[in-house]
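Input: a single structure, listed below in structure tokens.
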């Protein structure tokens, strides 16, 4: 898993896959780890990172992924049109 370097998740090395925790509990747990001086922008960024990770995990679980070769072919098609 690749995490944003400024993410609180990256600092703790944890994932969002806490099976016994609700989404709300996960958010509260991670936001509580931010410093008391954290700005609203930092809270927003942390939530955006958590959301992107969760969406990626859901995509993998649903098989909505591409191989490296498929991704390269798609990228190449953007420049050969």
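Throughout, read-outs are computed from the coordinates displayed, never taken from laboratory work. Nothing here was measured: the structure is a model prediction, and the numbers come from that model. Cβ coordinates were reconstructed from backbone atoms using ideal geometry, including for glycine residues, and neighbour counts include every protein chain displayed.
Could you please give the count of residues in the stretch 16-56 that are part of a loop (DSSP other than H, G, I, E, B), touching a residue at least 12 places away in the same chain (Cβ under 8 Å) and surrounded by 12 or more Cβ atoms within 10 Å (Cβ to Cβ)? Please lay out each step first, then the result.
Our first condition is that a residue be part of a loop (DSSP other than H, G, I, E, B); within the stretch 16-56, this holds for 16-22, 33-39.
This time we only want the ones that are touching a residue at least 12 places away in the same chain (Cβ under 8 Å), so: 16-17, 33-34.
Next cut, surrounded by 12 or more Cβ atoms within 10 Å (Cβ to Cβ) only: 16, 33-34.
Residues flagged as part of a loop (DSSP other than H, G, I, E, B), touching a residue at least 12 places away in the same chain (Cβ under 8 Å) and surrounded by 12 or more Cβ atoms within 10 Å (Cβ to Cβ) within the stretch 16-56 amount to 3.
State all residues of the stretch 57-70 that are assigned to a helix (DSSP H, G or I) and either surrounded by fewer than 10 Cβ atoms within 10 Å (Cβ to Cβ) or free of Cβ contacts under 8 Å to residues at least 24 places away in the same chain (or both); if no residue qualifies, say none. Spell out how you get there, then give the answer.
From the stretch 57-70, those assigned to a helix (DSSP H, G or I) are 57-61, 68-70; that's our starting set.
Residues satisfying the conditions are 58, 59, 60, 61, 68, 69, 70.
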